[in-house]
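The values are calculated or read from the model by the stated rules, or taken from the named source; none is laboratory data. This structure is a prediction, so every number in the text was calculated from the model and none was measured. A quick note on method: Cβ atoms are made from the backbone with ideal geometry, for glycine too, and the neighbour counts reach across all protein chains shown. Ligands, DNA and RNA are stripped out before the accessible areas are found, and what is left, the full protein with its side chains, is counted by its heavy atoms. Shrake-Rupley method; radii C 1.70, N 1.55, O 1.52, S 1.80 Å.
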Amino acid sequence: FFMVEKQIAFTKTDVTGEEEIPGAHIEVKDENGNTVDEWVSTDESHPISGLEEGKEYTLIEVVAPDEYVKAEEITFVVDTEKTDQHVEMQDKQVFITKTDITNGEEIPGAELTVTDKETGEIVDQWTSTTEAHPVSGLEEGKTYILTEVQAPNGYEIAESIEFEVSYDKVIQHIEMMDAPYTTIQVNKVDSATKQAIVSKDFEFTMYADEACTQVIKTVNANQTDGTATFEQDGFGTYFIK
């Protein structure tokens, strides 16, 4: 007489299914919630210990590797066939880009955070570079807030972006765009001589509408050179008088 024993091999891969991802903390629990095996993934598959034929188990990613999203739990049953089984869990990635709204190029130097919407906890923070950033600490099915804490020099801080990590095993891309500051200088000059008027106090007001009823901001004169300067952070058409 002889007894044939089978194996259940586990692999932790990226969304291509081709590359093993090391560094994931994995647990396998039985129907009663007891842990029957746990390990940290490597670049090779893991033969799961403590399993019995005919029973159901839950595969849990306790901690995902850096730069990857923690995957949803997987339930599997050990069948009674005398052939090895294979269980695969894929980790996706979420990339964030910080770009210039005028040309789409990556902007380095922005201080960014990603916060769990439910708990308010910061799960990742970094300074943007010229390449997209793979976010760490995310979980599938959860909602997060992307916030620009500090914009690069010459740019206005962007509005926060709310996003949800889908269950789809595809890479997600989130883009946050910054608008550069625009400086508008008004010169007050004599209509005849075209010389700057510097002897009098004056002010200019910027409006959003041609009828000049919707005030955006008012700037006092610079009596040294006869100019008024607006630091405008949005693109569009404006009216000054």
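In region 155-183, of all residues being among the acidic types (Asp, Glu) and closer than 26 Å to THR237 by Cα, the one that is most open to solvent (accessible area, probe 1.4 Å) corresponds to GLU159. Any residue at all in region 162-184 that's hydrophobic (A, V, I, L, M, F, W, C) and under 23 Å from THR218 (Cα atoms)? Yes: one or more hits.
When ASP100 is tested against (1) over 30 Å from PHE10 (Cα atoms); (2) over 14 Å from the mean Cα position of the chain (by Cα); (3) surrounded by fewer than 16 Cβ atoms within 10 Å (Cβ to Cβ), just one condition goes unmet, and that condition is (3).
Of all residues in region 164-182, those that are outside any loop (DSSP other than H, G, I, E, B) and within 20 Å of ASP14 (Cβ to Cβ) total 3. When VAL28 is tested against (1) among the β-branched types (Val, Ile, Thr); (2) modelled with pLDDT under 95; (3) farther than 18 Å from ASP66 by Cα, exactly one condition is not met: (2). Being open to solvent by less than 30 Å² (accessible area, probe 1.4 Å), in contact with a Pro (Cβ under 9 Å, 6 or more places away or on another chain) and of a type in the set (A, V, I, L, M, F, W, C) is a condition met by at least one residue of region 86-97.
Assess whether THR224 counts as being modelled with pLDDT under 85, β-branched (Val, Ile, Thr), open to solvent by 60 Å² or more (accessible area, probe 1.4 Å) and farther than 21 Å from GLY154 by Cα. Against the criterion (modelled with pLDDT under 85, β-branched (Val, Ile, Thr), open to solvent by 60 Å² or more (accessible area, probe 1.4 Å) and farther than 21 Å from GLY154 by Cα), THR224 qualifies. For residues that are on the phi < 0 side of the Ramachandran plot, free of Cβ contacts under 8 Å to residues at least 60 places away in the same chain and of a type outside the set (A, V, I, L, M), tally how many sit in region 167-206. Of the residues in region 167-206, 17 are on the phi < 0 side of the Ramachandran plot, free of Cβ contacts under 8 Å to residues at least 60 places away in the same chain and of a type outside the set (A, V, I, L, M).
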